[in-house]
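S.K.: Got a structure for you, written out below as structure tokens; questions coming shortly.
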Protein chains: 2
Amino acid sequence: MLAGRGRFLADRAAGAHHAVFVRSSEAHARIHHIDTAAAARMLGVLGVYTAADLGLTGASIPALTTPNPEFTAATNCFLADQRLPVLAADTVHYIGQPIAVLVAEDRYRAEDALEAVAIDYAPLPAVTDPVAALGPDSPVLFGHLGGNEAARLEFSFGAPEHAFAGAEHVVEGTYRMNRHGAIPLEGRGVRAAFDAQRQRVELWTSTQIPHTVRDAICAVTGWTPQDITVAVPDVGGGFGTKANVYAEEIALAVLARHTGVPVIWVEDRQEHLIASAQARDQVHHTRMALDADGHILAWEDSFIADIGAGSLWVAGIVANTAIHLLGPYRVPAAHITGRAALTNKTLTAQYRGAGRPEATFALERTLDAAARKIGLSTEEIRRRNLLTAADLPYSRPLPYRDGVPISFDGGDYRACLDSVSNLLPRNEIERCAAEHPDHLIGYGLSSYLEATGRGPHETARIRLLSDGGFEVTAGAAAAGQGHETVFAQVAAEALGVPMECVRYVPADTERLPEGVGTFASRSAILAGSAVHEAAGKLVDAAMEHVRRLLGVDGPIDYAHGVFRAGRRMLSWLEIARARAVGGDAESGAALDVTAVFRVETVTWTMGVHAAIVGVHRRTGLVKVLRYAVSHEGGREINPRIVEGQIVGGVAQGLGGALFEQWRYSDAGQPLSTTFAAYHLPLSTDVPRVAVEHLHVDTPVNPIGVRGAGESGTIAVYAAVAGAVDDALCGAVHVDSTPIRPGDLCRALAGAAS
Amino acid sequence: MLAGRGRFLADRAAGAHHAVFVRSSEAHARIHHIDTAAAARMLGVLGVYTAADLGLTGASIPALTTPNPEFTAATNCFLADQRLPVLAADTVHYIGQPIAVLVAEDRYRAEDALEAVAIDYAPLPAVTDPVAALGPDSPVLFGHLGGNEAARLEFSFGAPEHAFAGAEHVVEGTYRMNRHGAIPLEGRGVRAAFDAQRQRVELWTSTQIPHTVRDAICAVTGWTPQDITVAVPDVGGGFGTKANVYAEEIALAVLARHTGVPVIWVEDRQEHLIASAQARDQVHHTRMALDADGHILAWEDSFIADIGAGSLWVAGIVANTAIHLLGPYRVPAAHITGRAALTNKTLTAQYRGAGRPEATFALERTLDAAARKIGLSTEEIRRRNLLTAADLPYSRPLPYRDGVPISFDGGDYRACLDSVSNLLPRNEIERCAAEHPDHLIGYGLSSYLEATGRGPHETARIRLLSDGGFEVTAGAAAAGQGHETVFAQVAAEALGVPMECVRYVPADTERLPEGVGTFASRSAILAGSAVHEAAGKLVDAAMEHVRRLLGVDGPIDYAHGVFRAGRRMLSWLEIARARAVGGDAESGAALDVTAVFRVETVTWTMGVHAAIVGVHRRTGLVKVLRYAVSHEGGREINPRIVEGQIVGGVAQGLGGALFEQWRYSDAGQPLSTTFAAYHLPLSTDVPRVAVEHLHVDTPVNPIGVRGAGESGTIAVYAAVAGAVDDALCGAVHVDSTPIRPGDLCRALAGAAS
């Protein structure tokens, strides 16, 4: 990939017709009529296909996550019956929603013809504010639901009202994390072709979850898993926005079979900014009760997530937010309420953290507000509340989403705070001030706690090759994280052979018919463990052959790639040769095993971020000058890849903290449709990140790994916000992201006046 | 395929650069200099690559067949050390020989640039006559050999000289079958791309022998089988010319890795007629001794095969010819001598029959000559000499090519003669004469005997799919023969399940790492039996799971897709579900077995062809009016496919008997480079063919099959020649093919004068 030899979805355009999607120009409207005739007649156009043309009228995409019954019961969780259409037929709910797909010989002709498709809409009132959407006066967006609430949960423990009533200090606040998202370097794309020889559709898609895409296509079309294979090319980043099933994937699969010609759709950047799944967009009302020493007595958070016109992941986002609101602190009482609102904005999915950054921002900002009110440093209030080795493992009176009671399996969360304070001591402010005399300098901290390695399972397959090496594949698809390296390492270690003996090949649904995918900081834990177990199974499966080849009944040892019975030995190469045509154990069942690794529940990764920022005295622009992360991870399979994940996560978090926002007009018109309006961090916006990895192995999986894919991002928002507060010496309390220089200018002006 | 939905090699051009080959314009010359600079500079040209540029200097293609030591000893077989270069570097030996490969963005630019490649040759004397090539005055074409003899064998049994000395009748003759070949509808083609993700070359080639191509590429390059995968698209006919390894396949594999870009080469028709492997081209000197009643006493044949500038199959062609010269007759004594001569004509390989048609033509024509001399009908002389049920099985004092003593395992060869005489009685001549008053009408017969199902082995793989169905693949590649149907039938029958449950997928060297290929009438026998055995192994492999799932220790029966232990039953679908994630027998070793089927030796297919032809009284043009085939085959897996093979074989045989010839000038210039000069039979040249299949199962393989892929072709030449003789009432004795109307005109004129 680094050498430019990656082969991405768009590199597979050769030989395919090009599809472009007819998308809604209205945020909320009824469709009276779709006139595709003029476009269909244009030169080079193969056809224009509506839902009706493809037999997709009424078809909707199945939800991707549903909480466990215990969790549902414990949180009074309600989920509305969302029905996300593949192609809109009678009503559109957001600008950019796919209505039809146009296929032409090349992209140029396709784009030209797109303009000739005429749609007659009857506009309906649009709703873009989630609070209003849940109010009594809002138009109802989906008639079958009767309201705009897509999900709701509520739970409490430890008598919070009683604690609030008797508390020395109570702080309240409202915190908003605006809508932003992953923006991978590579947009989405799908290529589908019908293989007449094998009578099946072969779909390539830039996804994190090929098996889930396959299952969704089968659910919508009624095809069996033998009727379609889904494969993943090199993927230029996913971060959650590609851990989703999209209308385009289903439409192209159907189209390939319908037309018989190979079809490719490659998203352009504007399309990505309008029509790919977005994220965050939560508002939290918080209240915290503390004693005179700053110990948390009770914690209350009531949040609303704006999921736009729908989300296949709504249950996950709401549950994740609620669970992570409890943080790595001693919280004796809490009351959490969460709701998801449907609006006329783009669909949402997961994005690196998936509710955790929003929860962390609300909790950590409230803690900073409390520290200020009580007169403690932001470090000291955390020190007093963080769980320590004496507390851990620490149970919450709540089941996790899988129904298993929550129990933090960490080492010593306060040690992470000590570590980050050493990595980036507060007095580093002085050096920064000297270096940046035109900036006000501040120091901020944020802890986070993250459930990683979500189950229920993942699959991996290992087979012995004819050269005595091994081919490994796993159900978790890669999007540039280095699965090829990491899973080869795991397999090589488990088999006791050099890494050169192992070839990792990306999963597709033919090679590995069952798999879950890559999201929720789960690949190393779940797929890594499945690879580890598959290696063990392969050794077991080989034993029978070894016994026969050595003519031995007694015990056989295996180590370092060699089977031993007394003084007799056999290598994998010898086994492979014996199994080849003409060998002593010719033919028969393949030395090819699949393992399913299951977890009972998640494991927990904790960390603390520290940031030093400079706020420009005149412009209010925030510059991050120093950054440090200490995190309590598990065993590192490959430390460079873990560090890359952390640093990349910080960079993405800085984007959300300082720059990125999808803005909409009140009428639902997206306003951030180019990189001139949607600001990404530049490389110059990201400082060097110091990382310290505190090893706390976990017994939850056989390779002792904790997830790290999202943890770099989660705490960034609150750490930067805290540093800005500090820089402005109390003239501001940042309560929303992205942090707006204009607000800081006004605060600076107010402080100076 | 019939619906036009086949996807052939040329249909995979999308995304690839186009390769064209710089080919020799000289039949025999030294190369002084190759100037590629001007061509390489031309617009759109990626490069021009000589042997040196690709690291192929001195590289030669490994031979594809070597006889067994017993056969070698019994026949005093000698094989020269042929070295067929991949790309010619210092000497060229035939016009069309590849010297370099030019790669450009498209075919047009490539063809244009090709003309700018300048090669400086020093011409050498060319040899085009095989008899001269073996004479003392011939230039030696390959210095390291010291002569032009590529192969030689000789054997005799039963004191033939003694028999000749005392015989009542001796007939002698010289019979020549001129050079012609397969001419599949689709020419050859290769596409190669380097997959950086998997670090291997992926090669598609229109071949009958993907595994052999893979092995040859590995042998030339030093790559391992993991470095390359060879796959076969739909193939538009092979007939032996694609059962060869070609320089183009090796060059493209190397080129893909060398350049990193996908490259395709699609042979054009002229190129095919000049540079694809040719066949036949044998001259036989025969002598037969008979008693007064026409019983064969001794048989002598001395033949020379002109293999052009080389043949990877020379050992097979010479041995096949020699073995099949013995025919289905009682031959008490014989003396056979065969030689292969190197000349400056195009390379040769196998073509449907591969020595058998040449041998059959020599033997059957000699028998017809003897019949005339003795005054017997052509039917009667055969009736007196054919092996009958009393004779069979019948041993020859000679090992087959695999070293196993030859023993014809037939039923009653004379019954085939009776059958064909019923199918097409001689008195049908009268009706033909009435229908075609402008033609002289004649009746001809030819027997043949064919060794089919050559070993040593073939592979097949069956795996259980998640829907309870099966995926089947076999090492024998298809070229349009219906493997998808036949092997699915075999698997379904062996498993006792409906055919819809079985999906046959074409083999590639990744899916099935070992295989032999499709040639020598071997696929149904070898691959069919391997599929049959794999089905049995799959049932065995499933037993362990069934035992576990049913909780049973005792015996388990399997029939009709259901496992039974007493009253407990389990279907394949239930096993598949149990093995899925969450099932009772989740994960573990795959239900995926490979079987290797071996044969000790060949089985024998015998038949008799009868033809009625009309010779036009003025033009001498031969029209085949009636045609019948009775053959002693084994069990027919699919009778329609067997009949299709026979009828197609007859059509190809008629082409060789009447029309097809590659002519060369004395200087080695090919003269038959378009279809205007190389005449193929038209559909109007092929009459309806009556076929009778006399079932004689063979115990050699578990499915009782005898090969039939080549048998339709073998006897056509002699049957048509005999009918022409008969039509002209002795004015001619056809001794070469294609039969030339001019010769017949002259004979007619002579007979009339």
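S.K.: Please list, by residue number, every one of the trypsin sites (Lys or Arg not before Pro) in segment B:649-753 that is coil in DSSP and has at most 12 other beta-carbon atoms within 10 Å. Write out the running numbers ahead of the final one.
M.R.: Values: sites: B:Arg663, B:Arg688, B:Arg706, B:Arg746; in loops: B:Arg663, B:Arg688, B:Arg706.
Within segment B:649-753, the qualifying trypsin sites (Lys or Arg not before Pro) (loop, at most 12 other Cβ atoms within 10 Å) are B:Arg688.
S.K.: What nm distance separates the two modelled labels at A:Thr388 and A:Leu671, each placed 7 Å from Cα along Cα→Cβ?
M.R.: A separation of 5.0 nm, rounded to one decimal place.
S.K.: Within segment B:248-330, report the trypsin sites (Lys or Arg not before Pro) that DSSP leaves as loop and that have at most 16 other Cβ atoms within 10 Å.
M.R.: In loop regions of segment B:248-330 (DSSP not H, G, I, E or B), the sparsely surrounded trypsin sites (Lys or Arg not before Pro) are B:Arg330.
S.K.: Starting at 0 and stepping by 5 Å, how many percent of the alpha carbon pairs of segment A:351-422 end up in each bin?
M.R.: Result returned by the calculation: 3, 14, 16, 21, 26, 14, 5, 1, 0.
S.K.: Provide the solvent-accessible area of B:Asp438, counting protein heavy atoms only and rolling a 1.4 Å probe, rounded to the nearest 10 Å².
M.R.: 70
S.K.: Amide H of A:Arg176: which non-local residues (sequence gap of 5 or more, or other chain) have their own amide H closer than 5 Å, using H built in the peptide plane?
M.R.: Residues meeting the criterion, in which the H sits 1.01 Å from N, are A:His284, A:Ser736, A:Thr737.
S.K.: For chain B, take the alpha-carbon Rg, divide it by the Kirkwood Rh, and send me Rg/Rh. The partial results should precede the final answer.
M.R.: Working: Rg = 27.1 Å, Rh = 27.3 Å.
Using Cα coordinates only, the ratio equals 0.99.
S.K.: From the C-alpha gyration tensor of segment B:65-127, pull out the three semi-axes of the equivalent ellipsoid (sqrt of 5λ each), sorted largest to smallest, in whole Å.
M.R.: Working: eigenvalues 289, 56, 13 Å².
After diagonalising the Cα gyration tensor, the semi-axes are 38, 17, 8 Å.
S.K.: Within chain B, what's the longest stretch lacking GluC sites (Glu not before Pro) that sit in DSSP loops with no more than 15 other Cβ atoms inside 10 Å? Please list the in-between numbers first.
M.R.: Numbers: sites that count: B:Glu105, B:Glu115, B:Glu168, B:Glu600.
It runs B:169-599.
S.K.: Largest first, what is the accessible-area ranking of A:His324, A:His695 with a 1.4 Å probe? Let's see the in-between values first.
M.R.: Numbers: A:His324 10, A:His695 110 Å².
Heavy-atom accessible area, descending, gives A:His695, A:His324.
S.K.: Where the label is 7 Å out from Cα toward Cβ, how close does B:Glu161 come to the same position in every other copy, in nm, shortest first?
M.R.: 12.4
S.K.: For A:Phe78, what accessible area in Å² do you get when you roll a 1.4 Å probe over the heavy atoms of the protein chains, rounding to the nearest 10?
M.R.: 70
S.K.: Then there's this: Principal axis lengths of segment B:457-598 from Cα atoms, whole Å, largest first?
M.R.: 48, 27, 26
S.K.: To continue, here is another question. Assuming R0 = 51 Å, can you tell me the calculated FRET efficiency for the pair B:Asp697 and B:Arg577, based on Cβ-Cβ distance, to the nearest 0.05? Please list the in-between numbers first.
M.R.: Details: r = 39 Å, r/R0 = 0.76.
Once the sixth-power term is evaluated, E becomes 0.85.
S.K.: Over what distance in Å are the Cα centres of segment B:708-727 and segment B:199-227 separated?
M.R.: 38
S.K.: Same structure, new question: Which residues in segment B:37-56 have a backbone N closer than 14 Å to a point placed 7 Å from the Cα of B:Ala118 along the Cα-to-Cβ line?
M.R.: So the set is B:37-41.
S.K.: Further question: Hey, if you put +1 on the Cβ of every Lys and Arg and -1 on every Asp and Glu Cβ in chain A, which of A:His439, A:His295, A:Phe408 ends up farthest toward the positive end of that dipole?
M.R.: A:His439
S.K.: Let me check something: with ligands and nucleic acids excluded, how do B:Tyr664, B:Tyr351 order by accessible area (1.4 Å probe), largest to smallest?
M.R.: Details: B:Tyr664 40, B:Tyr351 5 Å².
Largest to smallest exposure gives the sequence B:Tyr664, B:Tyr351.
S.K.: If you don't mind, another one. Taking the dipole about the Cα centre of chain B, with the C-beta of Lys and Arg at +1 and of Asp and Glu at -1, give me whichever of B:Gly620, B:Gly355, B:His733 is farthest to the positive side.
M.R.: B:Gly620
S.K.: Along Cα-to-Cβ, 7 Å out, sits the label point; list in nm, shortest first, how far the one on B:Ser395 is from those in the other copies.
M.R.: Sorted ascending, the copy-to-copy spacings read 8.6 nm.
S.K.: Put +1 on the Cβ of every Lys and Arg and -1 on every Asp and Glu Cβ in segment B:457-598; which of B:Pro498, B:Leu465, B:Phe487 then has its Cα farthest towards the positive end of the dipole?
M.R.: It is B:Pro498.
S.K.: In whole Hz and in residue order, list the ³J(HN,Hα) couplings for segment B:567-576 that follow from phi through the Karplus curve 6.51 cos²θ - 1.76 cosθ + 1.60, θ = phi - 60°; x for Gly and Pro.
M.R.: Computed from phi, the couplings for segment B:567-576 are 9, 8, 10, 8, 9, 4, 5, 5, 5, 4 Hz.
S.K.: Averaged over all directions, how much area does the convex hull of the C-alpha atoms of segment B:517-650 cover when projected, in nm²? Kindly include the intermediate steps, with their values, before the conclusion.
M.R.: Details: hull surface 53.5 nm².
Average of the hull's projected areas for segment B:517-650 equals 13.4 nm².
S.K.: Using a 1.4 Å probe on the heavy atoms of the protein chains only, list every residue of segment A:173-209 that has 30 Å² or more less accessible area in the complete assembly than in its chain alone.
M.R.: At a threshold of 30 Å² (probe 1.4 Å), the residues of segment A:173-209 that become less exposed are A:Ala196, A:Gln197, A:Arg198.
S.K.: For segment B:182-199, just list the computed ³J(HN,Hα) in residue order, Karplus coefficients 6.51, -1.76 and 1.60, θ = phi - 60°, integers in Hz, with x standing in for Gly and Pro.
M.R.: After applying 6.51 cos²θ - 1.76 cosθ + 1.60, I find 6, 6, x, 4, 9, x, 7, x, 9, 10, 9, 9, 8, 8, 5, 4, 9, 6 Hz.
S.K.: Provide the gained length on full extension for the span B:Ser377 to B:Thr224, in nm with one decimal, where the gain is 0.36 nm per separating residue minus the Cα-Cα distance. Don't skip to the answer; put the middle values down first.
M.R.: Working: separation 153, 0.36 × 153 = 55.08 nm, distance 6.02 nm.
Answer, rounded to one decimal: 49.1 nm.
S.K.: At a probe radius of 1.4 Å, what is the per-residue accessible area of A:Phe157, in Å² to the nearest 10?
M.R.: 20
S.K.: With a sphere of radius 12 Å drawn around the Cβ of A:Gly260, what net charge do the other residues whose Cβ falls strictly inside it have (Lys, Arg +1; Asp, Glu -1)? Can you show the working numbers first?
M.R.: Working: positive: A:Arg257, B:Arg5, B:Arg7; negative: A:Asp195.
Every neighbour counted, the sum reads +2.
S.K.: Take the Cα radius of gyration of segment A:314-371 and divide it by 2.2 N^0.38 Å, with N its residue count; two decimals is plenty. Show your work: numbers first, answer last.
M.R.: On the way: Rg = 12.8 Å, N = 58, 2.2 N^0.38 = 10.3 Å.
Output field value: 1.24.
S.K.: To the nearest 0.05, what FRET efficiency results for B:Thr66 and B:Ala434 with a Förster distance of 41 Å applied to their C-beta separation? Working shown, then result.
M.R.: On the way: r = 55 Å, r/R0 = 1.35.
The calculated FRET efficiency here is 0.15.
S.K.: Restricting the count to DSSP beta bridges whose residues both fall in chain A, what percent are antiparallel, rounded to a multiple of 5?
M.R.: Numbers: 110 of 138 bridges.
In chain A, approximately 80 percent of DSSP beta bridges are antiparallel ones.
S.K.: Mind listing the long-range amide H neighbours of B:Arg200? Cut-off is under 5 Å, sequence gap 5 or more, other chains count too, H placed in the peptide plane at 1.01 Å from N.
M.R.: Residues meeting the amide H criterion: B:Asp195.
S.K.: Just the Kirkwood number for segment B:126-261, please: inverse of mean 1/r across all distinct Cα pairs, in Å, one decimal.
M.R.: Working: mean 1/r = 0.0520 Å⁻¹.
Value: 19.2 Å, from the Cα pair sum.
S.K.: Return the sequence-ordered ³J(HN,Hα) values of segment B:280-286 in whole Hz as given by the Karplus equation 6.51 cos²θ - 1.76 cosθ + 1.60 applied to θ = phi - 60°, using x for Gly and Pro.
M.R.: 6, 6, 10, 10, 10, 9, 10
S.K.: On to the next question. For the protein assembly as shown, what is the percent of antiparallel DSSP beta bridges, rounded to the nearest 5? Please list the in-between numbers first.
M.R.: Numbers: 224 of 278 bridges.
That works out to approximately 80 percent antiparallel.
S.K.: Could you list which residues have their amide H under 5 Å from that of A:Gln350, counting only those 5 or more apart in sequence or on another chain, with H placed in the peptide plane?
M.R.: none
S.K.: Oh, and also: Work the Kirkwood hydrodynamic radius out for segment A:678-753: mean of 1/r over every pair of different alpha-carbon atoms, inverted, in Å. All intermediate terms of the calculation are to be shown ahead of the outcome.
M.R.: Values: mean 1/r = 0.0636 Å⁻¹.
Over segment A:678-753, the inverse of the mean reciprocal pair distance is 15.7 Å.
S.K.: If you don't mind, another one. Once the other residues with Cβ under 14 Å from the Cβ of B:Ala333 are scored (Lys, Arg +1; Asp, Glu -1), what is the net sum? List each step's numbers first, then the result.
M.R.: On the way: positive: B:Arg287, B:Arg330, B:Arg396; negative: B:Glu161, B:Asp291, B:Glu300, B:Asp301.
Combined, the nearby Lys, Arg, Asp and Glu give -1.
S.K.: Along the axis that rotates chain A into chain B, which residue of chain A has the nearest beta-carbon, and what is the gap in whole Å?
M.R.: Nearest residue, distance rounded to whole Å: A:Ala14, 2.
S.K.: Report the normalised scattering of segment A:116-169 as log10 I(q)/I(0) at q = 0.16, 0.25 Å⁻¹, calculated by the Debye formula with identical scatterers on the alpha carbons.
M.R.: Ignoring solvent entirely, the Cα scatterers give -0.73, -0.98.
S.K.: Copy-to-copy spacing for A:Val562, label 7 Å out on the Cα-to-C-beta vector, in nm, shortest first?
M.R.: When each copy's label point is compared with this one, the spacings are 5.3 nm.
S.K.: Would you mind computing Rg(Cα) / (2.2 N^0.38 Å) for segment B:498-573, counting N as its residues? Present the calculation step by step, with values, prior to reporting the outcome.
M.R.: On the way: Rg = 16.0 Å, N = 76, 2.2 N^0.38 = 11.4 Å.
Taking the Cα Rg and dividing by 2.2 N^0.38 Å, one obtains 1.40.
S.K.: Could you work out [θ]222 nm for chain A from helices alone, using -39500 (n - 2.57) per DSSP H run of at least four and dividing by all its residues? Round to the nearest 500 deg cm²/dmol.
M.R.: Helix contribution divided over all residues of chain A: -8500 deg cm²/dmol.
S.K.: Using a Förster distance of 56 angstrom, determine the FRET efficiency expected from the C-beta separation of B:Asp90 and B:Ala3, and round it to 0.05. Before the final figure, lay out each step's value.
M.R.: On the way: r = 50 Å, r/R0 = 0.89.
Computed FRET efficiency for B:Asp90 and B:Ala3: 0.70.
S.K.: Let me ask something additional. Give or take rounding to whole Å, what are the principal axis extents of the alpha carbon atoms in the protein assembly as shown, in descending order?
M.R.: Taking the Cα atoms of the protein assembly as shown, the three principal extents are 133, 70, 61 Å.
The values are calculated or read from the model by the stated rules, or taken from the named source; none is laboratory data. Remember, it's a predicted structure, so these values are computed and weren't measured experimentally. Because the Cβ atoms are built from the backbone with ideal geometry, glycine has one as well, and the counts that use them run over all protein chains shown. We work out accessible area using only protein heavy atoms, side chains counted, and drop any ligands, DNA or RNA first. Shrake-Rupley method; radii C 1.70, N 1.55, O 1.52, S 1.80 Å.
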